[in-house]
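Notes for the one structure printed next.
Laboratory data are not the source of any read-out in this text; all were calculated from the coordinates shown. All figures in this text were calculated on a predicted structure; none of them were measured in a lab. Note that we place each Cβ from the backbone using ideal geometry, even for glycine, and neighbour counts take in every protein chain shown.
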Amino acid sequence: MTADQANELEVLPIGMFEDLPENMYRVETPKNFSVILCDEHANLSRDALITLRAAARHDLFPVYWFGANPPSFADAVFPEISMQALQLAYRDAQEKYRRIGHVAAPHNDEDRGALNLLAYLVTRDIDAVPAWHPGSRNAVTYARLRPDLASRSLLSQLHRQGMLERTFWRKTHMCRKCSSARLNVAEHCPECRSSNLVETDIVHHFSCGHQGPQNAFQLTAGGRMICPSCEQMLNHFGVDYDKPGRVELCQNCQTVTEEPEVNFECLDCETLTPSDEAPQHDWYQYSLTSLGRETVISGRLPVPGLETALGSFEPSKDYATFVALLDNGLSTAQRYGRPFGVCAMRFDQGQDDDHQPRLVNAASRATLIKLLREILRDSDFLYAEGEQIVFVFPETDAGQLDAIIRRIEDGLRRNMTDQPECRFEDWSDRTVRDILRGIRDVR
């Protein structure tokens, strides 16, 4: 939108907006609008915003809220509809479109989502800040981001590509069945799984050595305890008995335990997930880097290296994890005389007009990931950097490693129309130091 077009804004009112300022042109149907005005009854769910975005002049259209219960992503909020409030919204929208005017249009639809997210952070001058949101199954939301633009996976991708930097915020646990993070933490009986547990003292009778929960000791009319083992009366604490600790007593099956099971109970599907088996999510606050701002201006995402393409692929490890697994695996194999295969695969696409290495295109990367999913075993892992992948194959001798390499090469030839030039090197006889030196050569 040009500056002249922004002088008169095409406004889509959602709600009871009877009169608008002269510099606001009312759009009766959701088509070719520039700004949305909402009263407190408007529906701005993620699905509704996606529908509206398809009809807007620009994906980053501003949203203004008038009344109670505003969404956290509204560009401005006003307590009531008034001509003064509408003029303030108009001036804010002009400023937003001045910033949007510096945003380049995406060069292709594939990058549109990522560029919209970066541009939203730029034009609103905000960070992507997580916050608790009990109404969401994730229990967390990026409140300032418009729901149709916000994506946890997209934020993570842009961080891996160097366009966002991040700071750890929280770790959440999820239900192993439905992945909801809305969980209740509860202690359960290890025998019957009831959560009806009562903490009680353990009583130790010195004379006969009996120990048991206090409720197992009957009381006399005078309130003295009687040992259930020898039936003697316990008169004096520290002389006849002591209380060396506390236990949990199940009120359902009477099981006594010192270590009840700790489970997460899903509030959505009621599944119990043991605390040590619950999947986890790390949440981060993200902010733009200089590369992210430059990308918004250029309208073109940098072509990612293989480390970005393989970032969410389970066998792909970050550098620190890879080094730890490699060191442990290789030392174990050497100690017990077991086979251990390591190889490097490097793509060589030549150089572009700017004398920069050509990177494997998106279609080829997707084909490679699909191929590796079929070939790699659960015990295999890898580290990718630039256009090189280092594979580690525990319990794999030279013949088996050669067969795996041939399968990858054959798969690439059969499935890639744009045949990338690649070569393999067997690193199985290298030390950990030499393997890491080979990685550093391309880092």
| request: Go from 0 up to the bin containing the longest alpha carbon distance in region 40-170, width 5 Å each, and give me the % of pairs per bin. | output: 2, 9, 17, 22, 22, 15, 9, 4, 1, 0
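Assuming 0.36 nm per residue, please report the length gained on full extension of the stretch Tyr319 to Asp111 beyond their Cα-Cα distance. Each step should come with its number before you reach the end.
Details: separation 208, 0.36 × 208 = 74.88 nm, distance 2.71 nm.
Here the answer is 72.2 nm.
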| request: Could I have the simple spin-label model distance between Gln214 and Cys230, label points 7 Å from Cα toward Cβ, reported in nm to one decimal? | output: 2.2 nm
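Of the chain, which part is the longest with no GluC sites (Glu not before Pro) in a loop (DSSP not H, G, I, E, B) and with at most 16 other C-beta atoms within 10 angstrom? Before the final figure, lay out the partial values.
Values: sites that count: Glu8, Glu18, Glu22, Glu28, Glu40, Glu80, Glu191, Glu231, Glu258, Glu270, Glu277, Glu395, Glu421.
Result for the longest clean stretch: 278-394.
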| remark: Between (i) 1.09; (ii) 1.03; (iii) 1.42, the structure-derived Cα Rg over 2.2 N^0.38 Å is (iii)
| Sequence-distant residues sharing a close amide H with Ser428 (under 5 Å, placed H) | Val342
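If R0 is 56 Å, what FRET efficiency do you get for His281 and His204 from their C-beta distance, rounded to 0.05?
Numbers: r = 45 Å, r/R0 = 0.81.
E(calc), rounded to 0.05, equals 0.80.
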| query | On full extension of the chain, what length is gained from Arg440 through Asn138, given 0.36 nm per residue of separation minus the C-alpha to C-alpha distance? | reply | 104.9 nm
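If each residue's Cβ is checked for other Cβ atoms within 10 Å, how do Tyr286, Tyr319 rank with the fewest at the top? Mind dumping the intermediate values first?
Numbers: Tyr286 25, Tyr319 13.
Arranged by neighbour count, lowest to highest, Tyr286, Tyr319 become Tyr319, Tyr286.
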| Crossing angle, helix 398-415 versus the chain [Cα axis fit, 0-90 degrees, rounded to tens] | 40 degrees
| query | Taking springs between alpha-carbon atoms closer than 10 angstrom, which of Leu44, Leu325, Leu154 fluctuates most in the Gaussian network model of the chain? | reply | Leu325
| said: At 0.890 mPa s and 25 °C, plugging the Kirkwood radius over alpha-carbon pairs of region 3-100 into Stokes-Einstein gives what diffusion coefficient in µm²/s? | reply: 184 µm²/s
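Where the eigenvalues come from the Cα gyration tensor of region 216-324, what are the semi-axes √(5λ) of the equivalent ellipsoid, largest first, in whole Å?
63, 16, 15
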| task | Choose one answer from Gly222, Gly292, Gly341: the residue with the largest mean-square fluctuation in a GNM of the chain with alpha-carbon springs under 10 Å. | result | Gly222
| ³J(HN,Hα) across region 278-288 via Karplus (A = 6.51, B = -1.76, C = 1.60, θ = phi - 60°), whole Hz, x for Gly/Pro? | 6, x, 10, 10, 9, 10, 10, 8, 10, 9, 5
| field | Amide H within-cut-off set for Ser194, under 5 Å, with H built and near neighbours excluded | value | Cys189
| field | Sequence-distant residues sharing a close amide H with Glu261 (under 5 Å, placed H) | value | His188
| task | Between the alpha-carbon centers of region 69-85 and region 20-35, tell me the distance in whole angstrom. | result | 17 Å
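In what order do Tyr383, Tyr336, Tyr284, Tyr120 fall by count of nearby beta-carbon atoms within 10 Å, going from fewest to most? Can you show the working numbers first?
Numbers: Tyr383 26, Tyr336 7, Tyr284 19, Tyr120 22.
Ordered from fewest to most neighbouring Cβ atoms within 10 Å, Tyr383, Tyr336, Tyr284, Tyr120 come out as Tyr336, Tyr284, Tyr120, Tyr383.
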| task | Find which of Val140, Leu382, Gly245 sits farthest along the positive direction of the dipole of the chain, computed with +1 on the beta-carbon of Lys and Arg, -1 on that of Asp and Glu, about the Cα centre. | result | Leu382
| message | Please list, short to long, the whole-number percent of alpha-carbon pairs of region 100-216 in consecutive 10 angstrom bins beginning at zero. | response | 10, 27, 21, 12, 11, 9, 6, 3, 1
| field | Under Karplus coefficients 6.51, -1.76 and 1.60, residue-wise ³J(HN,Hα) of region 113-120 in Hz, glycine/proline x | value | x, 5, 5, 4, 5, 4, 5, 5
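Hey, what's the per residue convex hull volume over the C-alpha atoms of region 190-259, in cubic angstrom? Spell out each step's value before the answer.
Numbers: hull volume 6.4 nm³, N = 70.
Per residue, the Cα convex hull of region 190-259 comes to 92 Å³.
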| remark: A correct Karplus calculation of ³J(HN,Hα) over region 47-61, with 6.51 cos²θ - 1.76 cosθ + 1.60, θ = phi - 60°, whole Hz and x for Gly and Pro, returns 5, 5, 5, 4, 5, 5, 4, 5, 9, 7, 5, 9, 4, 9, 3
| said: Please report the antiparallel percentage of DSSP beta bridges with both residues in the chain, rounded to the nearest 5. | reply: 75 percent
| task | Compare Leu288, Leu145, Leu49 in a GNM of the chain, Cα atoms joined below 10 Å, and give the one with the largest fluctuation. | result | Leu49
